[in-house]
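So the structure is just underneath, and the comments pick up after that.
The values are calculated or read from the model by the stated rules, or taken from the named source; none is laboratory data. Since the model is a prediction, treat every value here as computed from it, not as a measurement. Glycine gets a Cβ as well: all are built from the backbone with ideal geometry, and neighbour counts include every protein chain shown. What goes into the accessible areas is simple: the full protein's heavy atoms, side chains included, and nothing from ligands, DNA or RNA. Shrake-Rupley method; radii C 1.70, N 1.55, O 1.52, S 1.80 Å.
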Amino acid sequence: MEDFTYSRPASLSDAVAVHGNADDAMYMAGGQTLIPVLKQGLAMPTDVIDLGAVWQLDGIAVSGGTVTIGAMTRHAVVAASNDVGRAIPALATLAGGIGDAQVRNRGTIGGSLANNDPSADYPAAVLGLNATVVTDRRELAAGGYFDGMFATSLEPGEIITAVKFPVPEKAGYAKFPNPASRYALVGVFVAKTASGVRVAATGAGQDGVFRVTVLEDALNDDFRAAPLRDVTIPEDNLMTDMHADAAYRAHLIGVMTARAVARANGRD
Amino acid sequence: MPEISLTVNGEQITKSVEGRTLLVEFIRETLKLTGTHIGCDTSQCGACTVHLNGKAVKSCTMLAVQADGAEITTIEGLAPDGRLNPMQQAFKDHHGLQCGFCTPGMIMRAMALVAENPEPTETEVRHGLEGNICRCTGYQNIVAAVLDGAKALRS
Ligand SMILES: Cc1cc2nc3c(=O)[nH]c(=O)nc-3n(C[C@H](O)[C@H](O)[C@H](O)COP(=O)(O)OP(=O)(O)OC[C@H]3O[C@@H](n4cnc5c(N)ncnc54)[C@H](O)[C@@H]3O)c2cc1C
Ligand code: FES
Ligand code: FES
């Protein structure tokens, strides 16, 4: 690994300032993606700015129908949070199923969303719940945040500070993990809200996380798992790789949606 | 080079490290504690698992500078006087290892698991060990060892 200048600023403004003054800086959250990337030489920043001491990025708060999770909150903390578990149990379940215990002790929600891996779990919750990504300079609605595989609308130097999740009427998440990597071969987040049902699929789309409108239409008519068997999921734009082809992923989207709906309805 | 101060297996240590030095490199090469293993470069195998302030982490996926101020425990820290800790003894009794390469990481993860959940079920043990890969045993005896080690640690 190439050497770099390491810094650990204590505030958001310091972190942004260090980024602005460096040649080619990268932020580091839990390092669970960044360190493997640096080891493989896929990125060679001059500066690594550790966000671990930035106090503004910490904490979970629930108020007025919104769950706000600070960007540096580790997956294990979200999974174990009673506040999250009461307000949006599906979100706590999702966090508890990311990777493995060691990864969950270091990996963060902000890092996961900034990275936007097409097989990551959190993007499905953010799009499924129509959450808002808050940064040091603006607020981005879920629909405008994701911008294809590993791409987002974050600008250079922009820091995710928190994610605001509106509490739904009910929600469920189900994933079929790749047995080796534990990332989603397909994961589906289903949320029933006052303004309708949202279904977001991760692991499946060539352009990353996306909404499955045929399933949203079916669930708006009848929010039960059984009738979904008759819905055909279009294969266009689904990924084919060494792990699964588009037809299999389309099938899994149906199966995972049915499981997520059953969980949302309290029938696991 | 940044200077870091940390506690490793109860001993206070202050050293200079490069920014890029991984925690596992610091443990193995600087401190010569070679019980912590490196089994992959993809953060998947768990052979490098140590405790950071009591929590299991992959020391290959952390910089040494990030451990500044932390308390680290490695496999050597479990048997300070050379006598096996009950979890280590359970791995021995149940034949929970063959080549032994994964074993330090397995045991460190198992100890953290049992600290969080002193009476885990078999399913919880299997889920709890998802971040640790063993290419020899088929896991059966590892799971038996962790269940028995948990019991021994309770009594
Ligand atoms: C073995 C293994 C299994 C995994 N399995 C899964 C899985 O099943 N599901 C899943 O979803 N994920 C999985 N992950 C990924 C894990 O969830 C991490 O959270 C994710 O990689 C992000 O890591 P991090 O939070 O440590 O961020 P880092 O690795 O530190 O950063 C990732 C990227 O985000 C940028 N960044 C970080 N924080 C911010 C911020 N606040 N603002 C702006 N940019 C930022 C960094 O510059 C970097 O480019 C797995 C990882 C490993 C190693
Ligand atoms: S060496 Fe494989 S996970 Fe650390
Ligand atoms: S005993 Fe050989 S890798 Fe587990």
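Candidates are the residues of region A:16-30 that are in contact with an Asp or Glu (Cβ under 9 Å, 6 or more places away or on another chain) and not in a helix (DSSP H, G or I); the one that is surrounded by the fewest Cβ atoms within 10 Å (Cβ to Cβ) is A:D23.
Checked against (1) among the charged types (D, E, K, R); (2) more than 10 Å from ligand 1 (Cβ to nearest atom); (3) within 23 Å of A:V167 (Cα to Cα), A:R74 passes all but a single condition, namely (2).
Could you tell me whether any residue of region A:160-170 is touching a Ser or Thr at 6+ places or on another chain (Cβ under 8 Å), closer than 29 Å to B:G131 by Cα and surrounded by fewer than 23 Cβ atoms within 10 Å (Cβ to Cβ)? Yes, region A:160-170 contains at least one residue that is touching a Ser or Thr at 6+ places or on another chain (Cβ under 8 Å), closer than 29 Å to B:G131 by Cα and surrounded by fewer than 23 Cβ atoms within 10 Å (Cβ to Cβ). Which residue pairs have Cβ atoms under 7 Å apart, sit 6 or more places apart or on different chains, and have a first residue in region B:115-137 that is within 16 Å of ligand 2 (Cβ to nearest atom) and modelled with pLDDT under 95 and a second that is part of a loop (DSSP other than H, G, I, E, B) and open to solvent by less than 50 Å² (accessible area, probe 1.4 Å)? No pair meets every condition. With a requirement of 3 or more residues that are open to solvent by 30 Å² or more (accessible area, probe 1.4 Å) and within 14 Å of another protein chain (Cβ to nearest Cβ), the helices (runs of 4 or more DSSP H) lying completely within region A:31-109 that satisfy it span A:75-80.
Does region B:33-80 hold any residues that are touching a Leu at 6+ places or on another chain (Cβ under 8 Å), at the interface with another protein chain (Cβ under 10 Å from one of its Cβ atoms) and of a type in the set (D, E, K, R), and which are they? Once the filter is applied, which keeps residues that are touching a Leu at 6+ places or on another chain (Cβ under 8 Å), at the interface with another protein chain (Cβ under 10 Å from one of its Cβ atoms) and of a type in the set (D, E, K, R), region B:33-80 yields only B:D68. Taking A:S13 as the residue in question, decide whether it is open to solvent by 40 Å² or more (accessible area, probe 1.4 Å), away from ligand 2 (no atom under 16 Å from the Cβ) and over 18 Å from A:P166 (Cα atoms). Yes; evaluated as a whole, the condition is true for this residue. Scanning region A:182-195 finds one or more residues that are basic (K, R), within 14 Å of chain B (Cβ to nearest Cβ) and surrounded by 14 or more Cβ atoms within 10 Å (Cβ to Cβ).
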